[in-house]
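Structure, as structure tokens:
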Amino acid sequence: MRLLPHPATEDIELTEVLRALADPIRLKIVARLATVGEMTCGEATDHLGVHKSTASHHHRALREAGVVYTKQEGRLKYISLRRYDLDARFPGLLDSVITASGDHPADATSGPRPPDATSGDHQAVAASGERGRD
């Protein structure tokens, strides 16, 4: 097994992480990794319908930003989320970005959403103490 070059945890910069997560394809890759866990690079992007060279570009951008680890075992490259490192540097950032993107499957959430969380008027509902109508 060979681990590809990555920034050390203390060298992960917020601007680079946000830049990497700003791309919709990379955000979908990260959301899938958050749900499924480690997988081959091909498995991480097969469902997105992008060319292999494009997928490789996205994997590299995520790795260089410190969002994922990439290791090579034989002919396969495996990618995994650096959740522990990201949570240590920027607590709650990863979960907040994935949740806000809407790219997480329903079973990947930490629990059921409150009914008011899906309405656009949840602040007014919270202030009035009443539940919103659908």
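What follows is calculated from the coordinates using simple rules that are stated; it is not laboratory data. These numbers come from a predicted model, not from an experiment. Cβ placement follows ideal geometry from the backbone for every residue including glycine, while neighbour counts extend to all protein chains displayed.
Remarks
- Over all other residues within a Cβ to Cβ distance under 13 Å of residue 57, the charged ones net out to +2, with Lys and Arg as +1 and Asp and Glu as -1.
- ³J(HN,Hα), Karplus 6.51/-1.76/1.60, whole Hz, each residue of segment 76-84, x for Gly, Pro: 9, 10, 10, 10, 9, 6, 8, 4, 4
- Both radii are taken from the alpha-carbon atoms of segment 2-103; with Rh as the Kirkwood radius, Rg/Rh is 0.93.
- Taking 7 Å steps out from each Cα toward its Cβ at residue 22 and residue 72 produces label points 3.0 nm apart.
- Karplus (6.51, -1.76, 1.60) ³J(HN,Hα), θ = phi - 60°, over segment 30-47, in Hz, Gly and Pro reported as x: 5, 4, 5, 4, 5, 8, 8, x, 4, 7, 5, 4, x, 5, 5, 10, 3, 6
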